[in-house]
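Where a number appears in this text, it was derived from the coordinates with a stated rule and is not lab data. What you see is a predicted model, and the numbers here were worked out from it, not measured in a lab. Note: ideal-geometry Cβ built from the backbone for every residue, glycine included; neighbour counts use all protein chains shown.
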Amino acid sequence: MLVIPAIDLRNGQCVRLTQGRKIDVKVYLSDPVEVARKFQDAGARLLHVVDLDGAFREQGSPNRLVARRIIEAVKIPVQFGGGLRTISDIQEMIDYGAERVIIGTLAVEEPEKLQNFLSSFGARIVVGIDAKDGRVLTRGWEEQGGISATELARRMALMGVARIIYTDVARDGMLEGINVEQTRAVAESSGIPVTASGGTGSLADIERLKVVSESGVDSVIVGKALYEGRFTLQEAIEVAER
């Protein structure tokens, strides 16, 4: 089980939201680059960076340039998502050095465009499936689509997507535990590797995920629990790898 620390960017700062609500934001640190370096020093093997301004379709955000500074400052791979809607958006981030890019809303609203992305960038495209009560949310978690998370996961696998990041939005930022069963269902319905996200609040949550690893859940994104000091990254990695 790979533990992936998260850096969520809002107006260039390192923040966390609660249940994806953009009005419910807490700024943790003003220097995301320093946060990235500390995660690397603590043993991270991959960073998860999200442009929240881009996900909310806000203009004039500095977050992509901040992400570029993060990528340049660390030696470990970085996956980046938030507001990537065109080939040029994706190419820009790959040119900056992003190892993977995460596509969310387009997977639901414009699958033909996603297919073009897959043809151009292959396994560097990761699809983020964000859901509440099992139903997919889009546009920065502000709109609910008419498809279940498991059905979308199945469709993504058929299109050739190599990995899914599954987030239970109701649990994101709540520190109340990951929705293990729904995450396993997404993995089993797709048959491809799944990264769990949303709700990790204790080391026991990581232990519970390890139980379903045979279904294809091979990694977990951890954010608020690290910033709130529930446990350290080193402790999480130790639990995940033993």
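Numerical summary
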quantity	calculated
Within the chain, helix-based [θ] at 222 nm, where runs of 4 or more DSSP H residues each add -39,500 (n - 2.57), nearest 500	-11000 deg cm²/dmol
J(HN,Hα) series, segment 65-72, from Karplus relation 6.51 cos²θ - 1.76 cosθ + 1.60, nearest Hz, glycine and proline x	5, 5, 4, 4, 5, 4, 4, 6
Segment 15-154: radius of gyration over Cα atoms, expressed as a fraction of 2.2 N^0.38 Å	1.05
The chain - share of DSSP beta bridges that are antiparallel (%, nearest 5)	30 percent
Packing-based order for 41-50, 72-81, using average beta carbon neighbours within 10 Å, highest first	41-50, 72-81
Cβ-based exposure ranking for LYS113, LYS224, in which fewest neighbours within 10 Å come first	LYS113, LYS224
Using alpha carbons only: equivalent-ellipsoid semi-axes of segment 2-241, gyration tensor based, whole Å	23, 22, 17
Placed amide H near ALA170: partners under 5 Å, 5+ positions off or other chain	ASP133
Neighbourhood charge, 15 Å Cβ-Cβ cut-off, centred on ASN116 and excluding it, Lys, Arg +1 and Asp, Glu -1	-1
For segment 100-220, Kirkwood radius (reciprocal of mean inverse C-alpha pair distance, Å)	14.1 Å
Using alpha carbons only: equivalent-ellipsoid semi-axes of segment 1-89, gyration tensor based, whole Å	20, 15, 12
